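Some notes on the structure that comes next.
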Amino acid sequence: MLNTSILLLIIAIIAGVLGFTNISGAATLMAKVMFFIFLILWVVTLVRRRTQQNI
């Protein structure tokens with residue numbers, strides 16, 4: 001998932017440089033959403049691992 005968000009960010013940068021603002025905006029939004037989903041899942045995984053180790 002993190003790889004996908006990095007790929008979308010690269011696509012957004014290239015599209016922005018080439019002047020495709022609509023594609024750039026959409027790719028940036030998708031990259032942000034996927035990155036925050038990745039962060040939330042990462043935090044949930046860390047919390048679950050800590051609670052399982054304490055049991």
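No value in this document is a laboratory result; all are computed from the given coordinates. Fair warning: this is a prediction, and the values are worked out from it, not measured in the lab.
Summary table
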{"quantity": "P(r) of the stretch 2-54 over all Cα-Cα pairs, binned every 5 Å from zero, in whole percent", "calculated": "4, 23, 20, 14, 11, 8, 8, 5, 4, 2, 0"}
{"quantity": "Segment Leu18-Thr45, extension gain: residue separation times 0.36 nm, minus the distance between their alpha carbons", "calculated": "5.9 nm"}
{"quantity": "Nearest 10 degrees, 0 to 90: helix 21-54 Cα axis against the chain principal axis", "calculated": "10"}
{"quantity": "Tilt relative to the chain, helix 2-18 - C-alpha long axis, 0 to 90 degrees, to 10", "calculated": "20"}
